[in-house]
Amino acid sequence: MSNTLEILAPAGNREMLGAAVFSGADAVYLGLTGYNARRTAGNFTPDELKEAVSFCHARGVKVHVTLNTLVYDRELPGLADAVRAVAEAGADAVISDDLATAQLVKTIAPTLHLHGSTQMSIHTPEGARELAALGYDRVILARELSLEEIRAVCAASPIEVEVFVHGALCMSVSGQCMMSAFLGGRSGNRGACAGPCRLPFDAGAGLRPGQPGKACHLSLKDMDYIPHIRELMDAGVVSAKIEGRLRTPEYAAAAVAACRAMREGQPYDEKLVRDIFSRSGFTDGYLTNRNDGKMFGVRTEADAAATRAATPKARELFRRELQRVPVQYTVSGGVEDGGIKLTAADDAGNKVNVYSMDEPQPAQKDPLPGIERALNKTGGTPFAAAGITVEAGEGGLGFLPGSAWNEMRREALDKLLEKRSTVQPHAIQTFTVPEYPAHSVGHIPALAARFANAAQCPADYVEKLQWLVFPIAEADAVPADWRGKSLLELPRVTFGKLEEKTAARLAALQNAGFAGVVINNPAQLRYTGGWTLYGGLGLNITNPMSAARYTSLGLHGLLLQPETALTAMQGVAPGVPTAALCYGHLPLMLTRACPLRNVRDCASCHGGGTLRDRKGRDFTVTCSAPGGAGIRTVYNPVPLYMGDRLREMPVDTALAAFTTETPQRTAQILAALFAAQPFDSEFTRGLYYTNN
């Protein structure tokens with residue numbers, strides 16, 4: 001088994017960067033100010049990034065920069081500048097989730113490596129293959145995969161595979177959560193998650209309105225796969241990622257040290273890892289296929305007290321830096337040469353020379369043992385002596401006092417470190433972000449509707465609607481005379497065997513008369529050949545550059561991400577029809593873990609339930625496949641409605657998304673939409689009138 005697994009550590013600020021590197025990380029990931037998924041971390045300015053890269057590269061540590069948030073049209077020039085800053089700093093890779101960022105990286109700095117963020121929700125073999133086709137060098141997998149599923153992706157992937165092994169575990173699949181945005185106005189997809197899922201949510205039964213929830217059914221324990229690192233290495237994973245840019249330097253050091261030890265098959269301090277941060281312990285439920293109530297947990301005062309007690313011990317892990325850069329010495333000259341030259345060389349081809357200030361004197365005994373003792377004292381530096389070659393003159397090396405050798409060693413290593421610290425920027429290509437035309441406003445968009453099932457669709461509205469959208473699981477129930485205007489919606493996630501089953505189902509339906517397919521994950525571009533394609537909610541389209549890229553990949557229409565304000569929607573005009581939601585209980589979370597698992601088992605569940613927050617609001621939870629293999633969706637209790645303001649929506653199509661409504665209620669809402677009437681109960685405009 002190879003021990004080349006990369007240990008990738010978080011660096012939310014300069015102090016954490018130092019702790020991660022000194023404790024032995026092989027690579028760090030950090031954010032440039034703006035455009036990253038941890039905007040509340042310290043992050044780095046362009047000048048600070050150059051210093052960070054210099055510091056890391058001198059020690060043989062790679063730097064991955066996160067540019068992994070959704071961006072809007074007006075931000076594209078700034079994003080291009082950010083890519084240039086990363087290239088000029090000489091960083092190793094960009095972590096990206098938006099195809100606009102990917103295109104800017106490949107256009108501006110083609111030698112920069114491109115890593116597909118976990119925000120892209122890639123979790124299948126076809127997803128990895130598609131990222132490779134899109135020009136990515138590495139895929140960072142979704143956190144919800146089992147070891148078997150990770151192994152399957154690694155076996156199929158043409159590019160490197162990175163997985164999270166330790167740290168916070170979001171309830172929702174990354175990139176598919178809108179809870180913070182719609183409950184608190186702070187978008188996790190824009191790097192400002194407020195963590196509302198960590199607040200109390202109860203299963204709802206028997207509570208009075210306004211009664212506080214009693215449990216945290218949306219709060220998972222931190223993941224800990226450190227004990228499984230050797231299995232992940234055997235599966236083909238190349239990088240083990242530690243989550244936690246918002247945590248402490250001590251946390252980063254403890255996790256890095258544990259990962260390094262486990263990689264080498266050595267024991268590590270499990271108690272220190274747990275005490276430095278946990279939510280009453282850890283979970284490996286996804287990796288080991290134990291998706292149960294034991295996955296849930298909250299941070300307690302006892303946990304905080306354990307952290308305070310463990311911090312001094314963890315701090316010792318980075319008090320002195322790990323000596324890991326091999327240095328080869330060559331000693332030449334001697335008594336007859338009037339001096340001694342010390343050459344220090346690393347394994348990257350860097351070499352420096354220093355000379356003795358004093359002339360060596362004839363030696364009374366072999367000087368080599370003393371020289372070796374002096375040159376091997378590399379503590380306090382990143383260097384480790386790898387050997388000494390002696391090329392003495394005819395009169396021998398002679399004698400120099402230990403202080404002289406110590407001074408020569410210090411000078412040589414200082415010069416070698418300085419040489420290794422030189423930033424090597426990437427070549428930058430000239431590129432100007434195009435000026436995309438704005439979408440026209442003032443017209444009323446056509447109406448389309450998405451239904452959870454065929455029975456929910458009122459027959460009276462079939463002819464009136466531009467499109468009917470149904471989950472692919474409902475294909476057989478869609479009447480033949482509806483299919484010419486019906487689109488089949490593919491799942492946003494297809495864990496396990498569902499990807500193969502979905503591809504097979506599509507192939508079987510190829511000649512069934514449907515108008516097209518709505519894809520919700522880049523992976524689905526791999527097995528939808530021959531279909532007319534449209535982009536759905538899961539693609540998170542927010543700007544004209546990513547929209548144009550998807551258009552070039554064959555999409556004939558695009559549903560814009562619901563967090564996008566109307567002003568930003570106006571800037572998305574890729575040359576194909578765009579759509580936006582005009583009605584619906586927004587899917588705030590898409591989760592593989594069941595938030596109801598603490599109050600019922602799958603055998604007694606009939607496809608969902610409700611969660612009640614501390615304000616007494618009930619959130620509907622649905623399950624795609626009752627019995628344990630399904631995906632759960634948590635919906636906003638208040639629906640979005642724009643029926644009386646359709647003219648203000650700068651899109652071609654307004655889509656009403658129906659979930660748990662009865663056919664009668666569906667008909668009432670469609671009637672209100674076609675009549676441009678106000679809504680008849682509580683509703684929200686979502687984020688459409690915000691200034692994002």
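Key figures for this structure:
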read-out: Residue, surrounded by the fewest Cβ atoms within 10 Å (Cβ to Cβ), within the stretch 449-471, restricted to residues that are touching a residue at least 40 places away in the same chain (Cβ under 8 Å) and within 25 Å of ILE631 (Cα to Cα); value: ALA455
read-out: So LEU447, is it over 30 Å from LEU558 (Cα atoms) and either in contact with a Phe, Trp or Tyr (Cβ under 7 Å, 6 or more places away or on another chain) or outside the structural domain of GLY349 (by TED's automatic domain parsing) (or both); value: no
read-out: Residue in the stretch 492-500 that is at negative phi, loosely packed, with under 14 Cβ neighbours inside 10 Å and at pLDDT 95 or above present; value: no
read-out: Some residue of the stretch 367-376 being at pLDDT 95 or above, within 30 Å of GLY333 (Cα to Cα), under 34 Å from the mean Cα position of the chain (by Cα) and surrounded by 12 or more Cβ atoms within 10 Å (Cβ to Cβ); value: no
read-out: Residue ID - farthest from ARG665 (Cα to Cα), chosen from residues in the stretch 447-466 that are part of a loop (DSSP other than H, G, I, E, B) and in contact with a helix residue (DSSP H, G or I) (Cβ under 6 Å, 6 or more places away or on another chain); value: VAL462
read-out: Residue within the stretch 630-640 that is closer than 30 Å to GLY496 by Cβ and over 28 Å from the mean Cα position of the chain (by Cα) present; value: no
read-out: All positions within the stretch 338-350 that are surrounded by fewer than 18 Cβ atoms within 10 Å (Cβ to Cβ) and in contact with a Gly (Cβ under 6 Å, 6 or more places away or on another chain); value: GLY339, LYS341
read-out: Residue check, PRO434 of a type outside the set (D, E, K, R) and either buried (at least 19 other Cβ atoms within 10 Å of the Cβ) or on the phi > 0 side of the Ramachandran plot (or both); value: no
read-out: Search result, residues across the stretch 325-347 that are among the aliphatic types (A, V, I, L, M) and over 16 Å from GLU411 (Cα atoms); value: VAL325, VAL335
read-out: Filter result for ALA20 (at negative phi and either modelled with pLDDT of 95 or more or assigned to a helix (DSSP H, G or I) (or both)); value: yes
read-out: Complete set of residues in the stretch 584-630 that are over 29 Å from LEU447 (Cα atoms), touching a strand residue (DSSP E or B) at 6+ places or on another chain (Cβ under 9 Å) and aliphatic (A, V, I, L, M); value: ALA593, LEU596, VAL599, LEU611
read-out: From the options ALA102, ALA91, ALA142, ALA128, residue that is modelled with pLDDT of 95 or more and over 15 Å from the mean Cα position of the chain (by Cα); value: ALA91
read-out: Qualifying residue in the stretch 1-14 (condition: buried (at least 22 other Cβ atoms within 10 Å of the Cβ), in contact with a Pro (Cβ under 9 Å, 6 or more places away or on another chain), β-branched (Val, Ile, Thr) and modelled with pLDDT of 95 or more); value: no
read-out: Flag if ALA152 is outside any loop (DSSP other than H, G, I, E, B), farther than 19 Å from ASN291 by Cα and at pLDDT 95 or above; value: yes
read-out: Which listed residue, of PRO650, PRO637, is farther than 26 Å from TRP467 by Cβ, in contact with a strand residue (DSSP E or B) (Cβ under 9 Å, 6 or more places away or on another chain) and not in a strand (DSSP E or B); value: PRO637
read-out: Yes/no for SER174 being more than 26 Å from GLY281 (Cα to Cα) and either surrounded by 21 or more Cβ atoms within 10 Å (Cβ to Cβ) or basic (Lys, Arg) (or both); value: no
read-out: All positions within the stretch 590-606 that are hydrophobic (A, V, I, L, M, F, W, C) and either in a loop (DSSP other than H, G, I, E, B) or surrounded by fewer than 23 Cβ atoms within 10 Å (Cβ to Cβ) (or both); value: ALA593, CYS594, LEU596, VAL599, CYS602, ALA603, CYS605
read-out: Residue in the stretch 231-238 that is closer than 29 Å to THR381 by Cα and under 22 Å from the mean Cα position of the chain (by Cα) present; value: yes
read-out: Residue in the stretch 668-688 that is assigned to a loop (DSSP other than H, G, I, E, B), hydrophobic (A, V, I, L, M, F, W, C) and under 30 Å from PRO437 (Cα atoms) present; value: yes
read-out: Residue check, LEU416 surrounded by 13 or more Cβ atoms within 10 Å (Cβ to Cβ) and at pLDDT 95 or above; value: yes
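Results for (1) buried (at least 20 other Cβ atoms within 10 Å of the Cβ); (2) not in a helix (DSSP H, G or I), shown as yes or no for each residue.
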| position | (1), (2) |
| --- | --- |
| ASN511 | no, yes |
| PHE514 | yes, yes |
| GLY530 | no, yes |
| TYR534 | yes, yes |
| TYR550 | yes, no |
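The values are calculated or read from the model by the stated rules, or taken from the named source; none is laboratory data. Remember, predicted model here, so these are calculated numbers, not experimental data. No Cβ is skipped: glycine too gets one built from the backbone with ideal geometry, and neighbour counts run over all protein chains shown.
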